[in-house]
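Have a look at the structure below, then the notes.
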Amino acid sequence: MTFETKIVHISQPDELTGALSTPIYQTSSYQQISPDNTKNGFAYSRTANPTRKAAEEAVALLEGGRFGFAFASGLAATDCVLKLLSAGDEVVSVDDVYGGTYRILTTVYNRFGVKSTFVDSSDAKNVERAMTDKTRFVWLETPTNPTLKISDIKAIADIAHARGAMLVVDNTFLSPALQRPLELGADIALHSATKYLSGHGDVLAGFLVLNDEALAEQLTYLQNTSGGVLAPQDSWLTIRGIRTLSLRMKKHCENAIRVAEYLIKHPKVDKVYFPGLTTHKNHDVAARQQSGFGGMVAFSLKNDTIENASKFLTSTQIFFLAESLGDVFSLVSHPATMTHKSTPAEVRRATGIQDSLIRLSVGIESAEDLIEDIEQALEKSN
Ligand SMILES: *Cc1c(COP(=O)(O)O)cnc(C)c1O
């Protein structure tokens, strides 16, 4: 079965009634047959819920993995993975990893004795150099936010495994429709399903997918022990969103290429960050490991000031100025004053986040309308 068909048929009709839409099992507990015997393994919804189970199986199927776990947000999924670590363990991560991942590693898990180092993983050698005998996780994001750096998943999986570490890949920016990290050697694929997977900006959700049975047992234990699980209604919204993932990603990709090509020719635009451009540093890696270049585009202005970026950001009519990404509608954000506000200006600029850098999450509207919107907003900036 092709991926497109799999996505549409992502959950099976309900066994009891034949309902085609997965029922929302809005229940906290389940009547048992006897104190030590449940109906089909359901006793309490923190441990297992049929709607959540359907969502977990759906995302596992898409990522090509055996086991799926659903959480109340992407960061709840991240937190659960990090609970596999013990004091003394180390993590090697991307230098522009998602801000929330950076925050939990450097302000929470550091207090429990977990040390994290951050390197530019777009050159795999930097990962190898940063690893020690204590490294348990290499934590990748590819592409990264907001400068869309690409890392070679297969090469880094080999490096991690040679040193006895696991590779975790945050696949939020592409979704399994465009990249499947487990097939490239990763041990765990992680998602903020808040973004492309659910796709409509109406739910917070997170997922983990993996193949190793012993690891799945540990995560089953940690998921139930920590309790940050995805609620039944949100599980249903995620499944509903996923059914159109294939169509949506196709349109996101088409529109993003059109937008990037428009931007590189514009006289007021300085740099354009998009893995689909042949001028992108790791374009060849992206072309090899992804089946599309995604819907995220970032660019900076020649007149590189926060004020000038602000003129653009307050002038768009179709692009909503908002955090988040991956929704059907287009979003625009300003890393310097939004997502990376707490990063010292010097550090921020050193990682390529210029004052005028603007991040677009290109939606599924018509490309003509989006380009027209960008054009009129650029007219208002200097
Ligand atoms: C949003 C995001 C997260 C965190 O997910 P939440 O659902 O907001 O908790 C993690 N990684 C990436 C790449 C993200 O964009």
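Before moving on, here are some points about what is shown:
- Just so you know, in the range 58-114 the residues that are charged (D, E, K, R) and without any contact (Cβ under 8 Å) to a residue 12 or more places away in the chain include one that is least open to solvent (accessible area, probe 1.4 Å), and it is 103.
- For beta carbons closer than 9 Å, sequence separation of 6+ or different chains, a first residue in the range 308-332 that is without any contact (Cβ under 8 Å) to a residue 24 or more places away in the chain and a second that is open to solvent by 30 Å² or more (accessible area, probe 1.4 Å) and of a type in the set (Val, Ile, Thr), the qualifying pairs are 321/314; 323/339.
- One residue stands out in the range 335-348 among those that are surrounded by fewer than 16 Cβ atoms within 10 Å (Cβ to Cβ) and polar (S, T, N, Q): the one that is nearest to residue 361 (Cα to Cα), namely 337.
- Selected residue (criterion: surrounded by the most Cβ atoms within 10 Å (Cβ to Cβ)) from residues of the range 280-334 that are among the polar types (S, T, N, Q) and in contact with a strand residue (DSSP E or B) (Cβ under 8 Å, 6 or more places away or on another chain): 330
- Evaluated against (1) modelled with pLDDT under 95; (2) part of a strand (DSSP E or B), residue 117 falls short on exactly one condition, (1).
- Of the helices (runs of 4 or more DSSP H) lying entirely inside the range 138-243, the ones with 3 or more residues being touching a residue at least 60 places away in the same chain (Cβ under 8 Å) and surrounded by fewer than 19 Cβ atoms within 10 Å (Cβ to Cβ) are found at 213-226.
- Every test in (1) under 18 Å from residue 307 (Cα atoms); (2) free of Cβ contacts under 8 Å to residues at least 24 places away in the same chain; (3) away from the ligand (no atom under 16 Å from the Cβ) is passed by residue 376 save one, and that test is (2).
- Exactly one residue among 353, 358, 374 is of a type in the set (A, V, I, L, M, F, W, C), crowded, with 21+ Cβ neighbours inside 10 Å and modelled with pLDDT under 95, and that residue is 353.
- Condition met for residue 298 (within 15 Å of residue 257 (Cα to Cα), within 16 Å of the ligand (Cβ to nearest atom), not assigned by TED's automatic domain parsing to the domain that holds residue 181 and not aromatic (Phe, Trp, Tyr)): yes
- For residue 254, the conditions (1) acidic (Asp, Glu); (2) surrounded by 19 or more Cβ atoms within 10 Å (Cβ to Cβ); (3) touching a helix residue (DSSP H, G or I) at 6+ places or on another chain (Cβ under 8 Å) all hold with the exception of (2).
- Among (1) surrounded by fewer than 20 Cβ atoms within 10 Å (Cβ to Cβ); (2) within 23 Å of residue 196 (Cα to Cα); (3) of a type outside the set (Val, Ile, Thr), the one test that residue 44 misses: (2)
- Comparison of 156, 188 shows that the only residue that is closer than 19 Å to residue 62 by Cβ and among the aliphatic types (A, V, I, L, M) is 188.
The values are calculated or read from the model by the stated rules, or taken from the named source; none is laboratory data. These figures come from a predicted structure and were not determined experimentally. Note that each Cβ is placed from the backbone with ideal geometry, even for glycine, and that neighbours are counted across all protein chains shown. All accessible areas refer to the heavy atoms of the entire protein, side chains included, with ligands and DNA or RNA removed. Shrake-Rupley method; radii C 1.70, N 1.55, O 1.52, S 1.80 Å.
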